[in-house]
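The values are calculated or read from the model by the stated rules, or taken from the named source; none is laboratory data. Everything quoted here is computed from the prediction, not taken from an experiment. Glycine also receives a Cβ, built like all others from the backbone with ideal geometry; neighbour counts cover every protein chain displayed.
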Amino acid sequence: MKKSILIIILATFSGISIYSQELKNIKNATDCNNAIEISTISKFGPTNAPKELKIKSKNNPFERSQYPVWYKFNIVKDGVLLFDIIPIDPNDNYDFLLYKISNKNYCQEIKNGTIEVIRSNFARTDLALLGKTGLSITGKPECYSKGIDVKKAEQYILVLNNMYKGKGHTLVFKYLENFIVKGKLSNFSNSEMLKAEVFWTNLRTNETTSSVTSNKHGNYELKVSVSTEAHRYPQYLLWAYNDKYYIADTLIASRNISSLRSGTFNFKLHKLKKGNNNFLPKIFFDPNSTNISSGSFVELESIYRLMEQNKQMEIILEGHSNGFYPSNDVDKILSEDRAKKVQAWLVNKGLDANRLGIKGFGSNKMVFPYAENEKEESANRRVEIFITKF
């Protein structure tokens with residue numbers, strides 16, 4: 001019995017140590033001259049609530065509520081600066097202003113309005129994002145602003161204002177590294193140089209953060225921003241598109257960042273035509289099932305990306321099964337259901353179902369009519385793309 005009591009007591013004190021965290025005191029940082037100097041390589045906070053200024057003052061550049069707190073920080077490396085302002089209470093509404101400073105009189109310049117605001121955000125914060133605001137790579141969602149290119153040793157002033165007395169917050173900074181990606185675009189069939197668009201997409205967030213159009217000689221240079229934090233390793237997609245050609249792409253992980261420094265990325269694009277295009281991806285399925293094979297989801301993303309870029313494109317999803325010739329009703333139903341499964345996936349991504357026709361061929365068009373192994377059988381269990389309009 002005594003042993004049980006001891007365990008309960010230890011658990012209670014353990015809980016207290018976990019949840020009792022000392023808050024950073026920001027009560028005195030209500031004006032520029034008392035700005036708190038913080039580091040951008042570690043988080044700052046959580047803090048206590050900003051102190052209220054009861055009268056309108058030139059020390060506070062906000063026109064509405066008077067709950068300001070000022071921060072000063074130095075840039076530690078070249079790149080793109082991002083940060084999150086994370087409120088303790090998601091119902092709090094934090095606004096912010098960001099200034100770049102270059103001399104000792106920056107506080108007076110801010111008061112006089114003679115120093116430029118580099119970034120700001122006054123949008124209502126989103127409860128779905130737990131009330132966060134700050135700088136993101138694209139400036140989205142609305143409660144964020146676009147990240148900024150920075151150089152080592154630059155100095156900045158950040159001032160926050162909570163619309164309510166509310167509670168405190170935490171500041172989390174992140175740097176992205178900039179690179180220039182180069183290459184050429186050409187026609188796969190005749191090597192003719194192409195003018196096309198090149199995109200850089202973060203596959204973890206599904207954000208396309210930069211793009212450029214190649215010149216008439218097919219040359220392009222694209223500035224990209226990459227997270228090189230060792231514990232993150234997001235995957236990026238570098239891809240090229242022309243509305244008369246199929247997308248060409250390559251996957252790049254930030255752990256392979258050296259390839260961006262030294263390599264060139266050339267793409268040969270296949271020209272589209274109505275009907276069957278052998279180079280278009282095929283979607284494969286598990287045996288006797290409408291379950292899409294795990295390796296086919298990358299191909300589905302490619303089809304979606306193609307149709308999202310080419311808003312005029314319409315296709316028929318042609319379903320096939322692995323059976324005996326001639327095909328029976330069971331084969332036909334299964335092949336149609338596979339086409340419907342792909343259609344539903346694309347519609348769920350946001351495409352209009354009217355652009356996605358379906359047709360089932362059963363086992364009448366097997367790639368391997370006399371399949372001898374699982375590899376050949378799996379090639380028969382597929383959905384192919386038939387282009388009717390683009």
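Some notes on this structure:
- Sole exception among (1) part of a strand (DSSP E or B); (2) out of contact with any Ser or Thr (no Cβ under 6 Å at 6 or more places or on another chain) for Tyr220, by number: (2)
- Contact annotation: residue pairs with Cβ atoms under 6 Å, 6 or more positions apart or on different chains, pairing a residue in segment 143-165 that is without any contact (Cβ under 8 Å) to a residue 24 or more places away in the chain with a partner that is among the charged types (D, E, K, R) and surrounded by 15 or more Cβ atoms within 10 Å (Cβ to Cβ), are Cys143/Asp126.
- Restricting segment 234-262 to residues that are among the polar types (S, T, N, Q), under 23 Å from the mean Cα position of the chain (by Cα) and not in a strand (DSSP E or B) leaves a set whose member that is surrounded by the fewest Cβ atoms within 10 Å (Cβ to Cβ) is Ser258.
- Residue ranges of strands (runs of 3 or more DSSP E) in segment 63-171 with at least 3 members in contact with a His (Cβ under 6 Å, 6 or more places away or on another chain), on the phi > 0 side of the Ramachandran plot and exposed (fewer than 15 other Cβ atoms within 10 Å of the Cβ): none
- Single residue of segment 327-353 satisfying the filter (free of Cβ contacts under 8 Å to residues at least 12 places away in the same chain and closer than 29 Å to Arg305 by Cα) that is surrounded by the fewest Cβ atoms within 10 Å (Cβ to Cβ): Asn348
- Subset of segment 263-296 that is under 25 Å from the mean Cα position of the chain (by Cα) and surrounded by fewer than 12 Cβ atoms within 10 Å (Cβ to Cβ) - its residue that is farthest from Thr213 (Cα to Cα): Ser294
- Reported count of residues in segment 297-317, each being part of a helix (DSSP H, G or I) and either in contact with a Leu (Cβ under 8 Å, 6 or more places away or on another chain) or within 16 Å of Ala339 (Cα to Cα) (or both), is 8.
- Filter pass, Ser254 being in contact (Cβ under 8 Å) with a residue 24 or more places away in the chain, assigned by TED's automatic domain parsing to the domain that holds Lys195 and closer than 22 Å to Pro234 by Cα: yes
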